[in-house]
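Undergrad: One structure coming up, written as structure tokens, with questions to follow.
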Amino acid sequence: MALLLLCIALLATGCGSGSSQGPYAQVEQEVWREVNAGQRGSDGVSVQATLNTFAYEISRAYARAEREDLGQEQLEYRIKRAIYAYVDGTYPAADGTDINSLYFQYLVYVNPSFDARNPLQKKQFDIWRDLYVQRLVDAIYDRKFPILRPMYDERWGLTLYSRLVFTVYLSNEDADAPIKPEIANIGSRTFLVNQRGERFAPSGNFNSYPYESDRPEGEVLDGKTYYRVFFPNRKDDKKTPIVQPDDDYVELHIEGLGNEPLRKLRWDLPFDYPEMPERKLPSDEEVFARKEAERAERRAAAAAARAEGE
């Protein structure tokens with residue numbers, strides 16, 4: 001779980017409002033506008049939600065690598081860490097064996113007698129797990145497709161590891177209101193609604209939240225807060241997608257927040273992602289060489305300045 005929280009902090013939090021003006025940061029801003037929906041009620045309570053698609057997470061990783069002046073290898077390492085966070089996550093068994101952790105899948109489909117305490121079997125599992133992640137990274141960079149696109153494989157695209165992941169931001173602009181909106185159980189009042197009007201509750205390990213850390217802070221909305229909800233993209237039959245590849249839209253419904261009995265947020269599908277400036281960043285070696293050259297140039301300039309002053 002610690003790894004999951006770390007990778008979420010690296011890739012999946014925030015409102016996409018960074019101030020960097022680099023080309024990848026600009027792409028991130030465009031993608032953020034595409035995957036966000038908002039609503040402000042007459043009571044001054046604002047809701048903004050991000051549908052955390054895989055393309056959005058990739059755009060954020062590129063923008064952050066650009067700001068931190070990282071190379072391609074470090075970028076891919078971070079993307080892999082984020083993927084591991086989802087495939088190694090702890091999920092309710094009711095989600096269905098096909099979209100639980102890779103460990104559970106390995107135990108069910110590959111080696112039912114797998115014993116993680118056996119060093120040889122553990123090594124075999126780690127190799128299998130690493131190959132899964134590498135295949136997904138290879139799919140990102142498949143030259144037949146743009147880097148940012150609606151689908152990478154059957155589990156990654158609109159979904160993150162077969163889950164529709166929403167980060168919901170709440171803001172109460174009326175700080176002097178005598179009654180603050182109750183938000184302690186807001187997750188249980190948040191529903192995914194597909195274009196056929198079918199409604200689905202979120203799935204989580206901590207009530208309606210993926211983890212305890214995903215619940216909003218406080219019992220009432222006094223200022224700003226946020227929460228996350230996951231929706232496995234499977235109906236009760238464990239095979240029919242809730243949101244299908246040819247669907248035109250999906251909605252998030254929040255009941256009983258403030259004075260509004262129902263708040264609706266809508267995303268039109270498929271998303272229209274921008275093109276990346278380049279498919280890959282300079283290599284780590286190239287970044288290191290450039291930084292060394294810049295340091296040498298600064299040292300030479302400083303030495304020349306000292307010589308002039310003598």
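The values are calculated or read from the model by the stated rules, or taken from the named source; none is laboratory data. Just so it is clear, the model here is predicted, and its values are computed rather than measured. Because the Cβ atoms are built from the backbone with ideal geometry, glycine has one as well, and the counts that use them run over all protein chains shown.
Undergrad: Which residue pairs have Cβ atoms under 8 Å apart, sit 6 or more places apart or on different chains, and have a first residue in the range 270-298 that is free of Cβ contacts under 8 Å to residues at least 24 places away in the same chain and a second that is in a loop (DSSP other than H, G, I, E, B)?
TA: Arg290/Pro282
Undergrad: If I go through the range 98-114 residue by residue, how many of them are part of a loop (DSSP other than H, G, I, E, B) and charged (D, E, K, R)? It would help to see each step written out before you state the result.
TA: Within the range 98-114, the first condition is being part of a loop (DSSP other than H, G, I, E, B), and the residues that meet it are 100-101, 111-114.
Add one more test, that the residue is charged (D, E, K, R), and what stays is none.
Summing the residues that are part of a loop (DSSP other than H, G, I, E, B) and charged (D, E, K, R) in the range 98-114 gives 0.
Undergrad: In addition: Quickly run through the range 80-97 and pick out the residues that are of a type in the set (Gly, Ala, Ser) and touching a residue at least 24 places away in the same chain (Cβ under 8 Å).
TA: The first filter runs over the range 80-97 and keeps only residues of a type in the set (Gly, Ala, Ser), leaving 82, 85, 89, 93-94, 96.
Hits for the range 80-97 are Ala82, Ala85, Gly89, Ala94, Gly96.
Undergrad: Restricting attention to the range 115-134, does a residue exist that is part of a helix (DSSP H, G or I), of a type in the set (A, V, I, L, M, F, W, C), under 20 Å from the mean Cα position of the chain (by Cα) and modelled with pLDDT of 95 or more?
TA: Taking the range 115-134 and keeping what is part of a helix (DSSP H, G or I), we get 119-134.
After this cut, where a residue has to be of a type in the set (A, V, I, L, M, F, W, C) as well, the list is 120, 125, 127-128, 131, 133.
Then drop every residue that is not under 20 Å from the mean Cα position of the chain (by Cα), which leaves 133.
Next, only the ones that are modelled with pLDDT of 95 or more stay: 133.
The answer is yes; a qualifying residue exists.
Undergrad: While we're looking at this one, here's another question. Only one of these is at pLDDT below 95, of a type in the set (Lys, Arg) and surrounded by fewer than 13 Cβ atoms within 10 Å (Cβ to Cβ): Arg290, Arg299. Name it. First the steps, then the outcome.
TA: Numbers: Arg290 fails: surrounded by fewer than 13 Cβ atoms within 10 Å (Cβ to Cβ).
Of Arg290, Arg299, the one residue that is at pLDDT below 95, of a type in the set (Lys, Arg) and surrounded by fewer than 13 Cβ atoms within 10 Å (Cβ to Cβ) is Arg299.
Undergrad: May I pose another question? Being part of a loop (DSSP other than H, G, I, E, B) and either touching a residue at least 40 places away in the same chain (Cβ under 8 Å) or under 16 Å from Val47 (Cβ atoms) (or both) is the filter here, so list the residues in the range 191-207 that pass it.
TA: Those that are part of a loop (DSSP other than H, G, I, E, B) and either touching a residue at least 40 places away in the same chain (Cβ under 8 Å) or under 16 Å from Val47 (Cβ atoms) (or both): Gln195, Glu198, Pro202, Gly204, Asn205.
Undergrad: Looking at Val220 and the list (1) at pLDDT 95 or above; (2) assigned by TED's automatic domain parsing to the domain that holds Pro146, which single condition is not satisfied?
TA: Failing condition for Val220: (1).
Undergrad: Mind checking which residues of the range 95-109 are surrounded by 15 or more Cβ atoms within 10 Å (Cβ to Cβ) and over 20 Å from Thr240 (Cα atoms)? Let's see the steps before the verdict.
TA: Filtering the range 95-109 for residues surrounded by 15 or more Cβ atoms within 10 Å (Cβ to Cβ) gives 95-96, 98-107.
Of everything in the range 95-109, those that are surrounded by 15 or more Cβ atoms within 10 Å (Cβ to Cβ) and over 20 Å from Thr240 (Cα atoms) turn out to be Leu102, Tyr103, Phe104, Tyr106, Leu107.
Undergrad: If you scan the range 208-256, which residues turn out to be assigned to a strand (DSSP E or B), under 15 Å from Arg189 (Cβ atoms) and either of a type in the set (D, E, K, R) or without any contact (Cβ under 8 Å) to a residue 40 or more places away in the chain (or both)?
TA: Tyr209, Arg228, Glu251, Glu255
Undergrad: For the range 188-204: of the residues being touching an Asp or Glu at 6+ places or on another chain (Cβ under 8 Å) and more than 11 Å from Glu251 (Cα to Cα), which is surrounded by the most Cβ atoms within 10 Å (Cβ to Cβ)?
TA: Gly204
Undergrad: Going through Ala82, Ala94 one at a time, which residue ends up being in contact with a Ser or Thr (Cβ under 9 Å, 6 or more places away or on another chain) and in the same structural domain as Pro216 (by TED's automatic domain parsing)? Outline the logic, then answer.
TA: Details: Ala82 fails: in contact with a Ser or Thr (Cβ under 9 Å, 6 or more places away or on another chain).
It is Ala94.
Undergrad: Please state which of the following conditions Tyr161 fails to meet, knowing it meets all the rest: (1) modelled with pLDDT under 95; (2) at positive phi; (3) not aliphatic (A, V, I, L, M).
TA: (1)
Undergrad: Would you please name the residue that is nearest to the chain's Cα centre (by Cα), looking only at residues in the range 170-187 that are among the β-branched types (Val, Ile, Thr) and either crowded, with 17+ Cβ neighbours inside 10 Å or not assigned by TED's automatic domain parsing to the domain that holds Asn233 (or both)? Please lay out each step first, then the result.
TA: Of all residues in the range 170-187, those among the β-branched types (Val, Ile, Thr) come to 179, 183, 186.
Remaining after also requiring either crowded, with 17+ Cβ neighbours inside 10 Å or not assigned by TED's automatic domain parsing to the domain that holds Asn233 (or both): 183, 186.
Values: Ile183: 23, Ile186: 20 Å.
If we take residues in the range 170-187 being among the β-branched types (Val, Ile, Thr) and either crowded, with 17+ Cβ neighbours inside 10 Å or not assigned by TED's automatic domain parsing to the domain that holds Asn233 (or both), then Ile186 is nearest to the chain's Cα centre (by Cα).
Here's the yes/no breakdown for (1) aromatic (Phe, Trp, Tyr); (2) under 23 Å from Pro241 (Cβ atoms):
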residue	(1), (2)
Lys123	no, no
Arg129	no, no
Ile140	no, yes
Trp156	yes, yes
Thr159	no, yes
Leu164	no, yes
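Undergrad: Now a separate question. Being in contact with a Phe, Trp or Tyr (Cβ under 9 Å, 6 or more places away or on another chain) and either modelled with pLDDT of 95 or more or small (Gly, Ala, Ser) (or both): is that true of Gly89 here? Quick ask: steps written out before the conclusion?
TA: Working: in contact with a Phe, Trp or Tyr (Cβ under 9 Å, 6 or more places away or on another chain): yes; either modelled with pLDDT of 95 or more or small (Gly, Ala, Ser) (or both): yes.
Criteria met by Gly89.
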